[in-house]
Amino acid sequence: MAPIENTAAGPITGVIRLGDGARGLRGLVVAVGFSALSNLATDGKAKRNDGEFDAELERRLLEIGFVEGAHVEILHEGLFGRDPIAVKVDTMRVALRRHEANAILVQPEPGRVGRP
Amino acid sequence: MNVSVPTLPSLRLALVGNPNCGKTALFNALTGSRQKVANYPGVTVERKEGNFVSPIGRPVVAIDLPGTYSLRGRSPDEVVTRDAILGRLEGDQRPDMLVCVADATNLRIMLRLVLELRNAGIPMLLALNMMDIARYRGITIDVDGLSAELGIPVITTVAVSPDGTQALLQQIDAMANAGLASTEPHWHALDASEVRDAHHLADRLVDRFVSHPANDRDWTRRIDRILLNPAGGLLILLAVLFLVFQAVFSWATLPMEWISAGFDWLAQTVSAILPAGLLSSLITDGVITGVGSVLVFLPQIIILFFFIILLEDFGYMARAAFLMDRIVGGAGLHGRSFIPLLSSFACAIPGIMATRVIENRRQRLATIMVAPLMTCSARIPVYTLIISAFIPNRQVWGMVNLQGLVMFSLYAAGIVSAFAVALVFRTFVWRGKSEPFIMELPGYKRPLVRSVLLGVVQRAIIFLKRAGTIILSMMILIWFLSTFPAPPEGATGPAIHYSFAGIIGHALQPLLAPIGFNWQIAVALIPGLAAREVAVGALATVYAIGGDASGSALSQTLSAQWSLATALSLLAWYVFAPQCASTLGVVRRETNSWRWPVAMFVYMMVLAYIASFVVYQSAIALGG
Ligand SMILES: Nc1nc2c(ncn2[C@@H]2O[C@H](COP(=O)(O)OP(=O)(O)OP(=O)(O)O)[C@@H](O)[C@H]2O)c(=O)[nH]1
Ligand SMILES: [Mg+2]
């Protein structure tokens, strides 16, 4: 449950990875794709590269609606490791694993960081 | 202008759109077909054609396609769509017109695809489907504005209401009358930045032309709060499955008795009318007893499908996949594997077809290989027959029916072994990276009485057809093998011992003795390779001809003739044994090689023998 503690520690100032978010998190997508993320993220965690696999993941996330500027909200979490998550992307509901959700960077709305 | 003009040239029209937006529902409404419609993404995995005549009398060929989010063709079902639209299939004409179908409550993703579909060079129109739901939720769409901005006609439809396709039909005629001119496709696979640009364009369209009310009357979120509750959701899923199998068992008892009584009466009447002899034996022992013993299970099939269709139409399947993702993922399967596996409860064949939505070939193969371990409806007759013969019909823990409980355990055994085999597959055959699990969760919909009933009737007809064709012909074959040759002059013992069936059964029996099968079971298992239910009919016929049945129900005959160990061993056999030729045929077709069906046959056969051996020997050791 490590990822959840990240977001719970103190007030959020910056962006977080969607995969680290807890239920109730609401915000705007600011970047999609591990390659875009590794430029933006400061903690170095998002730095990973797997060429083709990541490029494919990025396109799939884009095609299903995770695009910069989209509104997202984590609606539900699975039981084991709180994985997968159900996310509302604008008008649509999408289920995905936290691992994939980590390729999405979110700017949370103030006060909507989600349950600690 | 409704004079029909017989000389109008025919029109080919393809339905494209995101998964679950109602393409097949529209296709059915237009053509009067009965293709499968259900409330989860990935129902249609093949292209289907149907015909209809437009209001002004133009013959139209409609093509229903699998849903997709892009034309890239990642998985086999998406490839079907791409190739149909781009005309890449050998000997297949490109459609003259595209009907882009969008879920009006979720327009954004489809508008993105519409922008991509322009590159296909085919005249198109946009149908905003599910307009009834959009209206209920207070979503308003400026149809004319959208149409002007996109430069294509936009109309609204309600695929599930009787006159919900009128605007679409009129628009099709209008476009065809104005003349349809396709250009060469100039589509290329979009890269990430092109997808982003198209998305932003689509978002601007949505901002301008679609307005959502402040408080959306969307029930889905509230229902999901209960059904997707982390721990509660899994318990509910288990409870739902458990209740279904209890219902299959207990609700069906009475109608089954009626059907059974009906066939007994029929057999008695026929044997009273016909002179005793070969013809009378063929009709009573072969056809009526054999086929009747399978038809008895119609009520159970109907109840099972009633629940499956209800859950599918409500929108629960995708939730089940969500809840089970970590569990099936632990076995190395894809989250999307769960829906094909659930469909395999009905029959492994649609289940195996449904794996087309899985893009990764290895994970798709793993799912195909374990799908037949899920308890399909053809096993129900076998399980029920043995359970009702050997398991007392009483309540345990207050309200749980013991027979239903055993049935549930057999289903559980199938599921657990499917996961175990998948894990073995994952560990030894393939260790690659897991594909991402990204799946749309559709909104819940109230199941329509008419479509649920139609679906159930359709399944009942399939079952009856099987009984009338494959099962009937197998019964006649078995009757023949059990009757000829006649015993030699002065032979002692029942005549059937001297027949082909007797000879084959006795020859195989030593091989099956370690797992406790007698020669009658051996005889039943061979035709049972064609279809599982055949074994039930075969046992009925073999015992009837052998004279052991003495007019009583087959289950009473069995409980008198078999030991409990034998019965349990046969149940274990049926959890694993590859007793279905059509499944192997579909695996051959879907994998395009003989390797996988052969591997499947061998591994299931070996597992079946081992399981039966262990069950039989332990039951014997425990004094069964
Ligand atoms: N209320 C309402 N329900 C609809 C309408 N059209 C389709 N549905 C329902 O929406 C669900 C999906 O319909 P399908 O026709 O299977 O969707 P599809 O686009 O063929 O889906 P795939 O084959 O998975 O791509 C089903 O439960 C339909 O009954 C509509 O206009 N109104
Ligand atoms: Mg369909």
Elements of type helices (runs of 4 or more DSSP H) in the range B:110-216, at least 3 residues being in contact with a Leu (Cβ under 8 Å, 6 or more places away or on another chain) and open to solvent by less than 40 Å² (accessible area, probe 1.4 Å): B:143-150, B:166-178, B:192-209
Any chance residue B:500 is under 19 Å from residue B:613 (Cα atoms) and aromatic (Phe, Trp, Tyr): no
Count of residues meeting criterion [at pLDDT 90 or above and part of a loop (DSSP other than H, G, I, E, B)] in the range A:92-115: 3
Residue that is assigned to a loop (DSSP other than H, G, I, E, B) and at pLDDT 70 or above, where the choices are A:44, A:19, A:69, A:10: A:69
Hits in the range B:349-374 (condition: under 11 Å from the mean Cα position of the chain (by Cα) and more than 21 Å from residue B:316 (Cβ to Cβ)): B:349, B:352
Check on residue B:261, assigned to a helix (DSSP H, G or I), at pLDDT 85 or above, under 23 Å from residue B:294 (Cβ atoms) and more than 14 Å from every other protein chain (Cβ to nearest Cβ): yes
Entirely in the range B:1-100, the strands (runs of 3 or more DSSP E) that have 1 or more residues that are in contact (Cβ under 8 Å) with a residue 60 or more places away in the chain and within 14 Å of ligand 1 (Cβ to nearest atom): B:11-17
Matching residues, the range B:53-86, being in contact with a helix residue (DSSP H, G or I) (Cβ under 6 Å, 6 or more places away or on another chain) and either within 14 Å of chain A (Cβ to nearest Cβ) or surrounded by fewer than 18 Cβ atoms within 10 Å (Cβ to Cβ) (or both): B:55, B:68, B:69, B:70, B:71, B:73, B:75
Matching entry among B:454, B:423 (being within 16 Å of ligand 2 (Cβ to nearest atom) and either in a loop (DSSP other than H, G, I, E, B) or open to solvent by 50 Å² or more (accessible area, probe 1.4 Å) (or both)): B:454
Helices (runs of 4 or more DSSP H) wholly inside the range B:528-624 that include at least 1 residues being open to solvent by 50 Å² or more (accessible area, probe 1.4 Å) and touching an Asp or Glu at 6+ places or on another chain (Cβ under 8 Å): B:554-561
The range B:227-255, subset open to solvent by 60 Å² or more (accessible area, probe 1.4 Å) and within 14 Å of another protein chain (Cβ to nearest Cβ), residue nearest to residue B:456 (Cα to Cα): B:238
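Residues are listed down the side, and each one gets a yes or a no for (1) free of Cβ contacts under 8 Å to residues at least 12 places away in the same chain; (2) more than 14 Å from every other protein chain (Cβ to nearest Cβ):
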residue	(1), (2)
B:162	yes, yes
B:169	no, yes
B:173	no, yes
B:180	no, yes
B:185	no, yes
B:188	no, no
B:192	yes, no
B:204	yes, no
B:208	no, yes
Number of the condition not met by residue B:44 [criteria: (1) within 9 Å of ligand 2 (Cβ to nearest atom); (2) within 14 Å of chain A (Cβ to nearest Cβ)]: (2)
Answer residue from the range A:50-80, given it is free of Cβ contacts under 8 Å to residues at least 12 places away in the same chain and more than 7 Å from every other protein chain (Cβ to nearest Cβ) and is most open to solvent (accessible area, probe 1.4 Å) among those: A:52
Matching residues in the range B:229-262 - criterion: being within 22 Å of the chain's Cα centre (by Cα) and free of Cβ contacts under 8 Å to residues at least 40 places away in the same chain: B:238, B:239, B:243
Residues satisfying the stated conditions in the range B:458-492, i.e. in contact with a helix residue (DSSP H, G or I) (Cβ under 6 Å, 6 or more places away or on another chain), in a helix (DSSP H, G or I) and open to solvent by 40 Å² or more (accessible area, probe 1.4 Å): B:459, B:472, B:474, B:476, B:481
Boolean, residue B:95 is open to solvent by less than 20 Å² (accessible area, probe 1.4 Å) and within 15 Å of ligand 2 (Cβ to nearest atom): no
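The values are calculated or read from the model by the stated rules, or taken from the named source; none is laboratory data. These numbers come from a predicted model, not from an experiment. All Cβ positions, even for glycine, are placed from backbone atoms using ideal geometry, and neighbour counts span all protein chains on display. Side chains are part of the model used for accessible areas, which takes the heavy atoms of the whole protein and leaves out ligands, DNA and RNA. Shrake-Rupley method; radii C 1.70, N 1.55, O 1.52, S 1.80 Å.
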